[in-house]
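Computed from the coordinates by the stated procedures, all read-outs in this text should not be read as laboratory data. Keep in mind it's a predicted model, so treat the numbers as computed, not measured. Glycine gets a Cβ as well: all are built from the backbone with ideal geometry, and neighbour counts include every protein chain shown.
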Amino acid sequence: MFNMIRGDFYRLRHSKGFYITEFILIVLILVSISTGTLGSVGISSEGVNEFQQKDVIWTAVLAMKLMTSMNSFLIYLILPLFIMTTGFEFSRQSYKNLLSSGMTRVNYFISKYAVFLLIVVLQFVLYYGITFIGASLKNGIGDWTARFGIKIAQTISFQLLLMVAIFAISIFVLFLTFSTIAAIVTTIIFPLIIEIIHAIFSKTDWLKYFDFQISIDSAYFTHLSTNTLAIYILTACGTIIILGLLSIFIFKRKNL
């Protein structure tokens, strides 16, 4: 299992796609910091719009706050890395060779999930690390307080959990269909479907807890009650655990 994890990272380090993806991420962050502008794949929060309307200097502290609203871009930058590692054997139909060589299906699944989690964490470190360093070099750190440190740590942890929940759906589809294309399509359209359904059934309040992408971008600037936050966390954790178990169950019984 550990050899497989090392193999995935070795292949990733020697892949041009990996360096292209990281280059795009770094450029995206630096352009935002240098121009003082934000992009969005969802709905911008009121807090972000207020900052954008003001002529403010992007210190590291302010940049960290504002860049939380662009974090969902990582979905589309993690996706190719996800396919290069977790989906690699499925895209080439080579998983049969690994499983026939003595590796159990549970160990196979765990190794792939471990690689995926490490990739997500590393992308978050790079995203916020480049944001902090880039803004610090350009405009200084700013007013870093203990309160801000706690708030940003809570926000990043929450975003990380929701990001894993989104890809838990991708992993489930991948192990259900053995199709990387199906996993890619699901990752892209799932947030759109949730938004459309929520817009149609606007009075169905529980749907918002599955709108992981919007929740990622609004995590810092949306003030949630303790009860509401707990429901978001339980929904994400439930999605991860249930779909993970279902993925293992289906994979163990699926004909290869």
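List of remarks:
- Rounded to the nearest 10 degrees, the angle from helix 73-85 to the longest Cα principal axis of the chain is 20 degrees.
- Matching label, log10 I(q)/I(0) by the Debye sum over Cα atoms at q = 0.09, 0.16 Å⁻¹ computed from the structure shown, candidates [x] -0.44, -1.23; [y] -0.34, -1.18; [z] -0.39, -1.26: [x]
- Gyration tensor verdict on the range 112-225 (Cα atoms; rounded if a/c is under 1.5, prolate if a/b is larger than b/c, oblate otherwise): oblate
- Residue-wise HN-Hα coupling along the range 11-23, computed from phi with Karplus coefficients 6.51, -1.76, 1.60 (Hz; x: Gly, Pro): 5, 5, 5, 9, 9, 5, x, 4, 6, 5, 4, 5, 5
- Applying the Karplus relation 6.51 cos²θ - 1.76 cosθ + 1.60 with θ = phi - 60° to the range 125-134 yields 3J(HN,Hα) values of 4, 5, 4, 7, x, 5, 4, 5, 5, x Hz, where x marks Gly and Pro.
- Violating pairs (Cα-Cα greater than 27 angstrom) within the set 65/208; 112/254; 138/208; 65/203; 16/112: 138/208; 65/203
- Cα shape, the range 52-125, gyration tensor, a/c 1.5 rule: prolate
- Here the Karplus relation 6.51 cos²θ - 1.76 cosθ + 1.60, evaluated at θ = phi - 60°, turns the backbone of the range 219-235 into coupling constants of 4, 6, 8, 9, 8, 9, 5, 4, 5, 5, 4, 4, 5, 4, 5, 5, 5 Hz, with x for every Gly and Pro.
- Burial order of peptide ranges 103-115, 200-212 (average beta-carbon count within 10 Å, highest first): 103-115, 200-212
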